[in-house]
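Participant: The structure's right below; bear with me while I get my questions together.
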Amino acid sequence: MITPVIAIIDGPVFWSVVPFIVLASFLANRGRGGSPLVLKSWYASNTPMADGSFICITGRRSGLMGWILAVIGIDPVTTLKVSATRVEFHSSSITGTAHRITPLTSVSSSYFGFHKPIARAIAAGFLVFIIFGIFASAILGGVMGNPQVGAVVWLIGGILVGLAAALLYLYFNKTQTIGFIEVSGDICEIQFKPSVIEGVNVDEKQAKYAAELMQHLIQTRLDR
């Protein structure tokens with residue numbers, strides 16, 4: 001039963017096709033605009049903060065470079081604040097800052113959503129499966145002098161490790177989006193995902209509450 005699997009794995013066609021499958025899977029979701037931020041802080045409540053903000057969301061740049069900048073203290077951030085009268089959108093980087101203030105009377109609606117990168121998670125798990133298999137076949141097969149042993153370990157252990165990698169990738173890369181649309185039609189939004197360093201995670205229920213709270217503040221302002 002193992003022999004046909006080994007024949008496929010050792011075949012040149014398999015190894016020539018694998019890189020293209022992985023690359024295509026990772027590029028499958030590149031249509032989404034912008035790189036999501038990593039949450040630094042989250043506040044959404046009907047009780048305002050000291051500065052009058054009912055909603056305050058702050059995120060930093062994601063990825064390795066964002067982590068390095070956070071560690072050394074050069075921490076460009078993006079902040080979305082909503083008070084009873086206006087929406088503030090502030091972004092900063094090592095090259096400059098931008099601050100946008102929109103009166104609530106100029107906002108028509110708010111929205112939220114989430115995106116799960118399933119295709120990229122599968123690709124990440126498959127890539128780990130391949131890497132695990134290379135080492136398992138080379139080390140165990142070489143040590144024990146039996147390539148079939150390496151193939152068995154690859155199939156069993158590789159599937160488990162690859163599945164774990166896919167689930168971890170999916171968890172830490174699930175993207176939440178919250179934003180608003182101005183009367184003019186301009187869209188302003190912030191995309192974010194869970195933070196490992198700061199330990200801040202927001203689920204769909206919390207994002208929905210923030211969007212509904214924003215819409216309530218907008219409607220209350222318009223009714224006055």
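Participant: Conditions: (1) assigned to a helix (DSSP H, G or I); (2) at pLDDT 80 or above; (3) out of contact with any Gly (no Cβ under 7 Å at 6 or more places or on another chain). LEU155 meets all but one. Number of the miss?
Facilitator: All conditions pass for LEU155, except number (2).
Participant: Of the conditions (1) at pLDDT 85 or above; (2) hydroxyl-bearing (Ser, Thr, Tyr); (3) surrounded by fewer than 17 Cβ atoms within 10 Å (Cβ to Cβ), SER184 clears all except one; give me its number.
Facilitator: Condition (1) is where SER184 drops out.
Participant: Could you list, ordered by first residue, the pairs with Cβ atoms under 6 Å in which the first is in region 168-186 and of a type in the set (Phe, Trp, Tyr) and the second is modelled with pLDDT under 85 and assigned to a loop (DSSP other than H, G, I, E, B), at least 6 apart or interchain?
Facilitator: Every condition considered, the pairs that remain are PHE172/PRO194.
Participant: If you don't mind, there's one more thing I want to ask. Scan region 90-124 residue by residue and report those that are in a strand (DSSP E or B) and small (Gly, Ala, Ser).
Facilitator: SER91, SER92, SER93, GLY96, ALA98, SER108, SER109, SER110, GLY113
Participant: A further question on this structure: Which of the residues belonging to region 192-206 are crowded, with 17+ Cβ neighbours inside 10 Å and modelled with pLDDT of 85 or more?
Facilitator: none
Participant: Just the residues that are in contact with a Leu (Cβ under 9 Å, 6 or more places away or on another chain), at pLDDT 50 or above, hydrophobic (A, V, I, L, M, F, W, C) and not in a loop (DSSP other than H, G, I, E, B), please, taken from region 23-63.
Facilitator: Scanning region 23-63 gives ALA44, ILE55, CYS56, ILE57.
Participant: Here is a follow-up. Inspect all residues belonging to region 87-95 and state whether any of them is modelled with pLDDT under 85 and among the acidic types (Asp, Glu).
Facilitator: No, every residue in region 87-95 fails to be modelled with pLDDT under 85 and among the acidic types (Asp, Glu).
Participant: Could you please give the count of residues in region 175-215 that are touching a helix residue (DSSP H, G or I) at 6+ places or on another chain (Cβ under 9 Å), part of a loop (DSSP other than H, G, I, E, B) and either in the same structural domain as VAL128 (by TED's automatic domain parsing) or among the β-branched types (Val, Ile, Thr) (or both)?
Facilitator: Residues flagged as touching a helix residue (DSSP H, G or I) at 6+ places or on another chain (Cβ under 9 Å), part of a loop (DSSP other than H, G, I, E, B) and either in the same structural domain as VAL128 (by TED's automatic domain parsing) or among the β-branched types (Val, Ile, Thr) (or both) within region 175-215 amount to 4.
The values are calculated or read from the model by the stated rules, or taken from the named source; none is laboratory data. Note that the structure is a prediction, hence the values are computed from the model and not measured. As a convention, Cβ positions derive from the backbone with ideal geometry for all residues, glycine included, and neighbour counts pool all protein chains shown.
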